[in-house]
Amino acid sequence: MTQAVLILIKPDGLKKSLTGNILTRLSETKLEIVAAKMVRVSQALAEEHYKQLKDKPFFPELIGYIRGELHDRKKVMALVYWGKDAIKKCRELAGATNPEEAESTSIRGSYGRITTSGVYENVIHVSSNESEAEREIKLWFQPEEIIVNLFSVKSEIEKECKKVTWA
Ligand code: DAT
Ligand code: MG
């Protein structure tokens, strides 16, 4: 089944210069990258992304982590991979959520760690099912940033909308 999946290279992955390694690992899947960008993560975006976890005791640390407060890297790399069984293939490569339980050759098993304060620094985010992937891709990307038509769109005319362009 052809699927799309949101991948985030988290601030620890960027700080540890793992971007190339992670993209190389993901290329093993033979999936297609259909969107990619660097994002400075606002409090609102972080809270919306992880809203299913808002009642967990680690939620404030998780938000600080994805916003880059632990790594002096206030950005993440966001990508959409697309192709057959994309979610399963990328989740397998990522490994288990807890980096100590992740298979040692997986991305999280190879590069993740648990901090002394209990944050799972697991290097990469991968959507876990199709409905989560759709919600997350729509949260992180606008339709024109994705080079294939993944979901239905609507057109509207924006009036008196300030837009910054190249001078
Ligand atoms: P995944 O990222 O594997 O989909 P998830 O959606 O359950 O896992 O959790 C999102 C993130 O929250 C996860 O990547 C790391 C953090 N997290 C989850 N469970 C945790 C725990 N018990 N302690 C600390 N951080 C946790
Ligand atoms: Mg998840």
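The values are calculated or read from the model by the stated rules, or taken from the named source; none is laboratory data. These numbers come from a predicted model, not from an experiment. Reconstructed Cβ throughout: ideal geometry from the backbone, glycine too, with neighbour counts over all protein chains shown.
Taking the stretch 114-142 as the range and being surrounded by 13 or more Cβ atoms within 10 Å (Cβ to Cβ), out of contact with any Ser or Thr (no Cβ under 9 Å at 6 or more places or on another chain) and free of Cβ contacts under 8 Å to residues at least 24 places away in the same chain as the test, the residues that pass are Ile114, Glu132, Lys138. Candidates in the stretch 88-101 are the residues that are in contact with a helix residue (DSSP H, G or I) (Cβ under 7 Å, 6 or more places away or on another chain) and touching a residue at least 40 places away in the same chain (Cβ under 8 Å); of these, the one that is nearest to ligand 2 (Cβ to nearest atom) is Cys90.
Residue by residue, here is whether (1) of a type in the set (A, V, I, L, M); (2) over 15 Å from the mean Cα position of the chain (by Cα); (3) within 15 Å of ligand 2 (Cβ to nearest atom); (4) farther than 14 Å from Gly13 by Cβ holds:
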residue	(1), (2), (3), (4)
Glu103	no, yes, no, yes
Gly118	no, yes, no, yes
Val126	yes, no, yes, no
Ala133	yes, no, yes, yes
Glu136	no, no, yes, yes
Leu139	yes, no, yes, yes
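Residues checked against (1) surrounded by fewer than 19 Cβ atoms within 10 Å (Cβ to Cβ); (2) modelled with pLDDT under 95; (3) not basic (Lys, Arg):
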{"site": "Ser17", "(1), (2), (3)": "yes, no, yes"}
{"site": "Asn21", "(1), (2), (3)": "yes, no, yes"}
{"site": "Met38", "(1), (2), (3)": "yes, no, yes"}
{"site": "Phe58", "(1), (2), (3)": "yes, no, yes"}
{"site": "Arg67", "(1), (2), (3)": "no, no, no"}
{"site": "Arg73", "(1), (2), (3)": "yes, yes, no"}
{"site": "Cys90", "(1), (2), (3)": "no, no, yes"}
{"site": "Gly95", "(1), (2), (3)": "no, no, yes"}
{"site": "Glu101", "(1), (2), (3)": "yes, no, yes"}
